[in-house]
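The values are calculated or read from the model by the stated rules, or taken from the named source; none is laboratory data. For clarity, every value in this text was computed on a predicted model and none was experimentally measured. Cβ coordinates were reconstructed from backbone atoms using ideal geometry, including for glycine residues, and neighbour counts include every protein chain displayed. We work out accessible area using only protein heavy atoms, side chains counted, and drop any ligands, DNA or RNA first. Shrake-Rupley method; radii C 1.70, N 1.55, O 1.52, S 1.80 Å.
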Amino acid sequence: MIRKMTGSEGMGKMLAVVKKEIGIGAQLEEIEVPGIGPKDVLIKVNAAAICGTDLHIYDWNPWAQNAGINLPVIMGHEFCGEIVQVGDDVTDLKPGDYIAGETHIPCGKCYQCNNGQQHICGNLQIFGVHTNGCFAEYTKIPAACARKIPSAIKPEIGAVLEPLGTALRAGLEIQVSGKVIAVIGCGPIGLFAIASAKAMGASYIIAIDVLDERLKLSETVGANIALNPMGTDVVAEIKKMTKGVGVDGFIDASGSVQAINDGFKYLRKGGEVALIGLPSKPISIDLGSDVVFKEAKIIGIHGREMYKTWIKMENMLSQGLLNLDPVITHTMPLEKFQDAVELLQAGHGSKIVLIP
Ligand code: ZN
């Protein structure tokens, strides 16, 4: 039976992680379960994952201060769960559906939205940044952003499909099959990029990070070799292992100025680059020798194509092609949110999944 309700009558209170005011921190609070509009769905959150963006908001760093966030806000944007209510205008979803959240909320009206590029909508809103998020027992999201996923996907993985899709799309864009690929930065996105590239048939994957703990993980998800620039001349080493040619492509998930510049040095002529990481300030690269004369192709990756990337990701997950379990280093109750943040801030763990 399709139950259609507007509002949250009788839903009562829920536990949520709320960023209340400027400055460091966020707190666990008991608040009202949100009411929904006609185009929304209300979801009982099964699992939610912590992203670097959440740490920026928690710390209220310069990025967060300028991200257009209205406080107070319920934190969190990576999640999966079960629909418990649908708005009056929602026809294609029903209570009981198992969904993951697409965090890019498109306007549906602008040039990009009318051009098959909703994920970079001109009026883009980000769920859990510009709206209340999912570090809570219940969350609401526009039905257009609730992606039905196969029931075989366990909640810990359902919660990370959003970052996984970003990483997987980078590999799709630079067509890694049969190629020698470097992945810079082995946080969760970099590790997902490695697992995806492996599944897509990259012939050799070079993982690069300054933390050995992360490099160890990179080898468990498919990296052929792990290089730490702190102790290795990465450019020389990669040139040597590719007989002076360089890599066919690299994916940056670090945002590090030095690492990106190094990447262009070991990129072969005609190579391709997918950029996911966000440098903290504008950076300079040598466009002449590193891009023009090399005929390098560069693409920025801002999330997943809706829903092209999701379809491919779900196909690959259904066939067991993606080795993701090593990336989920911790699963903790939502109440332990502070402990999870402290772990990540101390540089430990990779993806932490919270269970409300
Ligand atoms: Zn739009």
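Just checking, how many residues over segment 158-216 are touching a Pro at 6+ places or on another chain (Cβ under 7 Å), under 15 Å from GLY255 (Cβ atoms) and crowded, with 24+ Cβ neighbours inside 10 Å?
The total comes to 4.
Quick test for you: out of GLY249, GLY270, pick the one residue that is in the same structural domain as ILE184 (by TED's automatic domain parsing), of a type outside the set (D, E, K, R) and in contact with a Gly (Cβ under 6 Å, 6 or more places away or on another chain).
The unique qualifying residue is GLY249.
I'm checking my understanding of the structure. Among residues of segment 249-277 that are in contact with a Pro (Cβ under 8 Å, 6 or more places away or on another chain) and not hydrophobic (A, V, I, L, M, F, W, C), which one is nearest to THR166 (Cα to Cα)?
Start the filter on segment 249-277 by keeping residues that are in contact with a Pro (Cβ under 8 Å, 6 or more places away or on another chain), which leaves 255-260, 262.
After this cut, where a residue has to be not hydrophobic (A, V, I, L, M, F, W, C) as well, the list is 255-256, 258, 262.
On the way: GLY255: 15, SER256: 18, GLN258: 23, ASP262: 23 Å.
So, considering only residues that are in contact with a Pro (Cβ under 8 Å, 6 or more places away or on another chain) and not hydrophobic (A, V, I, L, M, F, W, C), the one nearest to THR166 (Cα to Cα) is GLY255.
Tell me, please, whether a residue that is of a type in the set (Gly, Ala, Ser), buried (at least 19 other Cβ atoms within 10 Å of the Cβ) and more than 21 Å from ALA64 (Cβ to Cβ) can be found in segment 117-129.
Within segment 117-129 (the criterion being of a type in the set (Gly, Ala, Ser), buried (at least 19 other Cβ atoms within 10 Å of the Cβ) and more than 21 Å from ALA64 (Cβ to Cβ)), the answer is no, since none of the residues qualifies.
Taking the conditions exactly as written (under 26 Å from the mean Cα position of the chain (by Cα), charged (D, E, K, R) and closer than 30 Å to ALA64 by Cα), does GLU272 satisfy them or not?
no
Of the conditions (1) of a type outside the set (Asp, Glu); (2) at pLDDT 95 or above; (3) within 23 Å of the chain's Cα centre (by Cα); (4) farther than 17 Å from PHE127 by Cα, LEU28 fails just one. Which one is it?
(3)
Going by what's in this entry, would LYS44 be described as under 24 Å from the mean Cα position of the chain (by Cα), more than 16 Å from the ligand (Cβ to nearest atom) and under 14 Å from ALA146 (Cα atoms)?
Considered against the rule, which asks whether it is under 24 Å from the mean Cα position of the chain (by Cα), more than 16 Å from the ligand (Cβ to nearest atom) and under 14 Å from ALA146 (Cα atoms), LYS44 comes out as yes.
If a residue counts only when it is farther than 30 Å from GLN27 by Cβ and open to solvent by 30 Å² or more (accessible area, probe 1.4 Å), which strands (runs of 3 or more DSSP E) contained entirely in segment 276-356 have at least 1 such residues? Step through it out loud before you land on a result.
Working: elements: 297-300, 328-333, 351-355.
By residue number, 297-300.
Are there any pairs, at least 6 apart or on different chains, whose C-beta atoms fall under 8 Å, with the first in segment 106-127 and in the same structural domain as GLY68 (by TED's automatic domain parsing) and the second hydroxyl-bearing (Ser, Thr, Tyr), and if so, which?
Note: pairs meeting the criteria are GLY122/TYR111; GLN125/THR131; ILE126/THR103; PHE127/THR103.
A quick yes/no check of all residues on (1) part of a helix (DSSP H, G or I); (2) under 25 Å from VAL353 (Cβ atoms); (3) basic (Lys, Arg):
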| residue | (1), (2), (3) |
| --- | --- |
| GLY171 | yes, yes, no |
| VAL176 | no, no, no |
| ALA195 | yes, yes, no |
| GLY201 | no, no, no |
| LYS239 | yes, no, yes |
| LYS243 | no, no, yes |
| SER254 | no, yes, no |
| GLY270 | no, no, no |
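Before we move on, is ALA195 touching a residue at least 24 places away in the same chain (Cβ under 8 Å), in contact with a helix residue (DSSP H, G or I) (Cβ under 8 Å, 6 or more places away or on another chain) and either within 16 Å of the ligand (Cβ to nearest atom) or assigned by TED's automatic domain parsing to the domain that holds MET75 (or both)?
no
Scan segment 52-67 for residues that are part of a loop (DSSP other than H, G, I, E, B) and open to solvent by less than 50 Å² (accessible area, probe 1.4 Å) and jot them down.
Across segment 52-67, the qualifying residues are TRP60, ASN61, ALA67.
Taking into account only those residues within segment 235-258 that are of a type in the set (A, V, I, L, M, F, W, C) and crowded, with 22+ Cβ neighbours inside 10 Å, which is farthest from the chain's Cα centre (by Cα)?
ILE238
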